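In what follows, a single structure is set out as structure tokens and then discussed.
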Amino acid sequence: MQRQGPARDDITSRGNPAPRLRATGIALLVAHLALVAWLTLRPLDVPWVSPANLRPFAGIRADLALPAAEATRRIVAGLALLAPLGVLLPAVHARLDASPLASLVRTVTAGALLSLGIALAQTSVPGRVVDIDCLLLNTAGVALVHLAVVPAVRARLRRRAEGRGRAALLGEEPVLEPSQGRTPTIPRVEVAP
């Protein structure tokens with residue numbers, strides 16, 4: 001059966017970036033989480049394992065006692081591990097009208113819960129130990145990237161959407177794919193007695 005006129009999905013997907021943004025966000029989120037799982041949950045073959053760090057900032061202070069290059073590498077690695085979630089989680093949600101504060105809270109909470117889940121899963125992996133500072137650094141990385149990127153991108157996408165809306169109000173036609181013409185119709189045929 002052939003439809004007459006453009007499909008509703010075709011109209012919304014051309015004028016609204018949300019479906020493309022959501023699909024791209026989901027694909028990148030799955031790829032990132034697979035990489036994080038591979039990096040954090042594979043067993044390590046080490047001769048000894050340090051004890052778990054359950055005191056906040058103790059590991060960061062120990063890292064800062066190291067030479068500057070090594071301390072920076074360790075702290076940046078902790079911040080960067082889950083930092084892409086600061087952009088990917090809002091991209092999966094794909095709402096341009098979301099409250100900036102609510103978006104930040106949702107994203108940081110999801111990042112913290114994911115980091116906690118990784119820390120708990122590491123308890124059963126040989127060679128891995130729980131480190132509360134990793135949880136803190138991972139969560140801070142998610143928050144920093146979210147604050148640095150998401151408000152600016154949402155504002156830009158909103159301006160583009162408002163520009164299209166203004167063009168529609170002024171009577172300008174949005175650029176669409178050329179039509180293939182009218183849908184053919186079949187004239188009524190009488191049924192023989």
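The values are calculated or read from the model by the stated rules, or taken from the named source; none is laboratory data. These numbers come from a predicted model, not from an experiment. Cβ sites come from the backbone with ideal geometry, for glycine too, and all protein chains shown count toward neighbours. Each accessible area value is taken on the protein alone, full model and side chains, heavy atoms only, with ligands, DNA and RNA left out. Shrake-Rupley method; radii C 1.70, N 1.55, O 1.52, S 1.80 Å.
Within the stretch 51-80, which residues are open to solvent by less than 40 Å² (accessible area, probe 1.4 Å) and outside any helix (DSSP H, G or I)?
Passing the criteria: only 53.
Restricting to the stretch 38-50, and then to whatever is touching a residue at least 24 places away in the same chain (Cβ under 8 Å) and in a helix (DSSP H, G or I), can you tell me which residue is least open to solvent (accessible area, probe 1.4 Å)?
Step by step, filter the stretch 38-50, then rank; the result is 40.
Which of (1) surrounded by 15 or more Cβ atoms within 10 Å (Cβ to Cβ); (2) modelled with pLDDT of 90 or more does residue 22 not meet, given it meets every other one?
(2) is the only condition that residue 22 fails.
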